[in-house]
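S.K.: For reference, the structure I am asking about is given below.
The values are calculated or read from the model by the stated rules, or taken from the named source; none is laboratory data. Remember, it's a predicted structure, so these values are computed and weren't measured experimentally. So basically every Cβ, Gly included, is an ideal-geometry build from the backbone, and we count neighbours across all protein chains shown. Areas reflect the complete protein model, heavy atoms only, side chains present, ligands, DNA and RNA absent. Shrake-Rupley method; radii C 1.70, N 1.55, O 1.52, S 1.80 Å.
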Amino acid sequence: MKCLFSYADKYLQKSSWKDLALIKLCLFAMGIMAGIRIPEKNRRAAGWAAYFVFLVTYLPLMSKFLCIVTEKDD
């Protein structure tokens with residue numbers, strides 16, 4: 001578990017405000033998908049929109065995180 005926190009610290013040190021904004025959008029989209037309380041007629045469209053936002057934000061965040069995890073320590 002300590003290793004995961006050290007990776008998170010490295011990630012935050014190398015992140016800009018844009019990365020943190022992507023994290024917030026990603027979590028927001030995941031929250032919409034998990035607790036969708038929208039009328040039945042609009043639920044499908046809102047779910048797909050949230051899914052799209054989640055994918056668009058999650059993929060770059062995870063690619064950056066995986067680069068940090070796999071880089072060699074100096």
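S.K.: Rounded to the nearest 10 Å², what accessible area does residue 36 have for a 1.4 Å probe in the complete protein model?
M.R.: 40 Å²
S.K.: Quick one: 3J(HN,Hα) in Hz for the range 16-26, Karplus 6.51/-1.76/1.60 with θ = phi - 60°, rounded, Gly and Pro as x.
M.R.: Running phi through 6.51 cos²θ - 1.76 cosθ + 1.60 with θ = phi - 60° gives 10, 5, 5, 5, 5, 5, 4, 4, 5, 5, 4 Hz.
S.K.: Let me know the charge dipole size of the range 1-52 about its Cα centre in debye, to the nearest 20, where only the beta-carbon of Lys, Arg (+1) and Asp, Glu (-1) is charged.
M.R.: The dipole magnitude comes to about 80 debye.
S.K.: OK, next. Can you tell me the orientation of helix 2-13 relative to the chain, as the angle in degrees between its alpha-carbon axis and the longest Cα principal axis, to the nearest 10?
M.R.: In the chain, helix 2-13 runs at an angle near 80 degrees to the longest axis.
S.K.: Follow-up. Give the accessible surface of the chain per residue, rounded to a whole number of Å², with probe radius 1.4 Å and ligands, DNA and RNA excluded.
M.R.: Dividing the accessible area of the chain by its residue count gives 81 Å².
S.K.: Using a Förster distance of 30 angstrom, determine the FRET efficiency expected from the C-beta separation of residue 15 and residue 41, and round it to 0.05.
M.R.: It comes to 0.15.
S.K.: Scan the range 29-74 for trypsin sites (Lys or Arg not before Pro) in coil per DSSP, keeping those whose Cβ has at most 15 other Cβ atoms within 10 Å, and list them by number.
M.R.: When the trypsin sites (Lys or Arg not before Pro) of the range 29-74 are filtered for loop state and at most 15 Cβ neighbours within 10 Å, 37, 72 remain.
S.K.: Over the range 1-43, with every protein chain in place, what whole percent of the accessible area is carbon and sulfur at 1.4 Å, could you tell me?
M.R.: 66 percent
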